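The block underneath contains the structure these notes are about, expressed in structure tokens.
Derivation of every value follows stated rules applied to the coordinates shown; laboratory data play no part. Note that the coordinates shown come from a computational prediction; the quantities given were computed from them, not determined experimentally. When we count neighbours, we look across all protein chains shown, and the Cβ atoms used for this are built from the backbone with ideal geometry, even at glycine.
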Amino acid sequence: MDKLNKYREAIQALLSRYATEDKTNPDVQVQLICDPERDHNQWMNVGWQGLTRVDRCIIHFDIYNGKIWLQQNLTDQNSAEELVSMGVPREDIRLQAFVRQ
């Protein structure tokens, strides 16, 4: 398997696992958006919390120039380390993320 497909599969597996574990609010829909043609991958939460509209990108990965770019991570998960454990070289992961404080 070539590097690009390996990275796509790793990101999609990670996002699928995270999204499956998200059971916080039954009125908020978990959406995985995976665009393999442009290599954009997001986990979104969409719906309502009471009277408040929820439309939030939880995690956003891009693949660009042979690297995985973690654009946003609003979880307490260490996605970069999990990608490393899945076989992605540390030097191929770029962190641009907003990290939950």
- Stretched fully, the stretch from residue 40 through residue 90 gains (0.36 nm per residue minus C-alpha distance, one decimal, in nm) 16.0 nm
- Cα to Cα, under 13 Å, and not fewer than 8 places away if on the same chain: which aspartates and glutamates meet these conditions relative to residue 6? 39, 92
- Query: Roughly how big is the chain's charge dipole about its Cα centre, with Cβ charges of +1 (Lys, Arg) and -1 (Asp, Glu), in debye to the nearest 20?
  - Reply: 120
- Ranked by GNM mean-square fluctuation in the chain (Cα springs under 10 Å), the top entry among 49, 12, 71 is 49
- Output for region 1-77: chymotrypsin sites (Phe, Trp or Tyr not before Pro) sitting in coil per DSSP, at most 12 other Cβ within 10 Å, listed by number, reads none
- Item | Potential extension, residue 3-residue 64 segment - 0.36 nm per residue separation minus Cα distance | 20.7 nm
- Task: Report the trypsin sites (Lys or Arg not before Pro) located in region 1-87 that are in a DSSP loop and have at most 10 other Cβ atoms inside 10 Å of their Cβ, or state none.
- Result: 23, 38
- Can you give the angle from 0 to 90° between the axis of helix 3-21 and the longest principal axis of the chain, with both taken from C-alpha atoms, to the nearest 10? 20
- Query: How large is the helix-only mean residue ellipticity at 222 nm for the chain, computed as the sum of -39500 (n - 2.57) over DSSP H runs with n ≥ 4, divided by its residue count, in deg cm²/dmol to the nearest 500?
  - Reply: -8000 deg cm²/dmol
- Residue by residue, what Karplus-based ³J(HN,Hα) values in Hz, rounded to whole numbers, does region 90-96 have, using 6.51, -1.76 and 1.60 with θ = phi - 60° and x for Gly and Pro? 3, 6, 9, 10, 10, 9, 10
- Query: Of (i) 8.4; (ii) 6.7; (iii) 6.1, which is the value of mean projected area of the Cα convex hull in nm² derived from the coordinates here?
  - Reply: (ii)
- Query: To the nearest 0.05, how large is the calculated FRET efficiency for residue 51 and residue 16 if R₀ is 30 Å and r is the Cβ-Cβ distance?
  - Reply: 0.45
- Query: In percent, how large is the relative contact order of region 3-95, given Cα pairs closer than 8 Å and 6 or more residues apart?
  - Reply: 21
- Taking amide H positions as placed 1.01 Å from N in the peptide plane, with prolines and chain starts having none, which residues 5 or more places from residue 94, or on another chain, fall under 5 Å of its amide H? 68, 69, 70
